[in-house]
Amino acid sequence: MDTEKTYTLSDLKLWDYPGTALAVIGQPIKHSLSPTMHNAAIHQLTQKDTQFKDWAYFRFEIDPKDLPEALELFHRKGFLGLNLTVPHKVIALDLLTAISDSARTIGAVNTLKWTAAGYEGFNTDGYGMAQGIEQGLGRSLNESNILILGAGGAARAAVVECLSQEAASIRILNRSKDRLDTMLSSLSDFEDSKSIIPILAKEDWTHLPEAGICINATSLGLNQNDPLPLDMALLTSNWSVYDMIYNPKETQLFTEARKYGCVASTGLGMLVHQGAKALEIWTGQSIDAETMYKAGENALYNNLNQ
Ligand code: NDP
């Protein structure tokens, strides 16, 4: 089996890899860094413990309409772990045997673990973001004032993590009211949800704290010509800026934030740490995220851009 290849549902039907298989599934999936990062970590684990020598991590392009059939097949073929990415994170919820509390609150799963009865779902995005912020900005969410840009799946994971880590305050800025309202109502049971301040327009900017962490969880920045998700003049240089986007390496928001004197980072650390946590869930071992980071960084910024 080739871990560089992109497999399909037809390949899955004929799947006969004899070792322990893991995979990321999505659509599109061809450019996912997950196989490179995970196989680097598995290689390192194997050097310490030979039980991992037949483990391998693959990629599958699966259409959302085929997800029920695919998950049933992955389970039957014994895939120990799956990572889910766009567009499967929410639609998979109805296909699982068990769901962790935080994944249920977020309303999305990115990590599945095989059990005899079916797959159990987790969400490691919030954990990955918190680690990425600590690594990239040297800041902790705890007792920080947070400004989250966006109200999609990644923003929901971010808000739940900020609530769990007892951020001092959480402001959420989103373009569309509907999505912001849906997010707020799904979080209303959270004990500390009162600390959330929704923002839809400039008029809503009141009492923005002197310092905090601004997190971009919109898709603005993926394309070179995208406008900035925030007018940087609204923040003082005491704010730190974390852009979840990791390709390009230096997004416009990152560059502008640095110009304004803010500490800033893009999102590769988040991607790495959500993956490392997933591998911990599957292996029961502690994972060296640095190995995954180097593999991801090399594939993304060195090899592909040459
Ligand atoms: P979703 O599609 O669920 O949400 C997209 C968000 O972006 C929405 O809030 C949407 O606002 C907003 N948005 C989109 N276009 C515009 C625009 N033109 N102007 C203003 N707002 C806009 O995506 P995800 O939550 O899954 O992902 C968000 C980002 O986070 C992506 O860039 C993704 O690459 C990144 N990400 C990074 C991860 C990492 O590991 N580093 C992990 C997961 C995601 P509206 O509601 O108004 O449509």
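What the table below lists for this structure:
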{"read-out": "Amide H contacts under 5 Å for Val241, placed H, 5+ residues apart", "value": "Cys214, Val263, Ala264, Ser265"}
{"read-out": "Rg over Rh [alpha-carbon atoms, Kirkwood Rh] for the range 126-269", "value": "0.92"}
{"read-out": "Listed residues Ala167, Ala117, Ala157, most fluctuating in the chain (Gaussian network, C-alpha, under 10 Å)", "value": "Ala117"}
{"read-out": "Sequence-separation-based contact order of the chain, relative, with Cα cut under 8 Å and 6+ spacing, percent", "value": "17"}
{"read-out": "Cβ crowding within 10 Å averaged over residues, with 180-189, 213-222, 29-38 ranked highest first", "value": "213-222, 29-38, 180-189"}
{"read-out": "Whole-Hz couplings from phi, Karplus 6.51/-1.76/1.60, listed for the range 17-30; x for Gly and Pro", "value": "5, x, x, 7, 9, 10, 7, 9, 10, x, 7, x, 9, 3"}
{"read-out": "Over the chain: helical MRE at 222 nm, DSSP H runs n ≥ 4 each giving -39500 (n - 2.57), nearest 500", "value": "-10000 deg cm²/dmol"}
{"read-out": "Hits among lysines - C-alpha to C-alpha of Lys249 under 18 Å, sequence gap 8 or more where chains match", "value": "Lys259, Lys294"}
{"read-out": "Shape box of the chain [Cα atoms, principal axes, largest first, Å]", "value": "59, 43, 35"}
{"read-out": "Principal semi-axes in Å for the range 6-123 [√(5λ), Cα gyration tensor, largest first]", "value": "22, 16, 14"}
{"read-out": "Mean Cβ count within 10 Å, highest first, over the residues of peptides 99-110, 60-71, 118-129", "value": "118-129, 99-110, 60-71"}
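Only the coordinates and a few stated rules stand behind these numbers; no lab work does. The structure displayed is predicted, hence computed values, not measured ones. In this analysis, Cβ positions are derived from the backbone assuming ideal geometry, glycine residues included, and neighbour counts consider all displayed protein chains.
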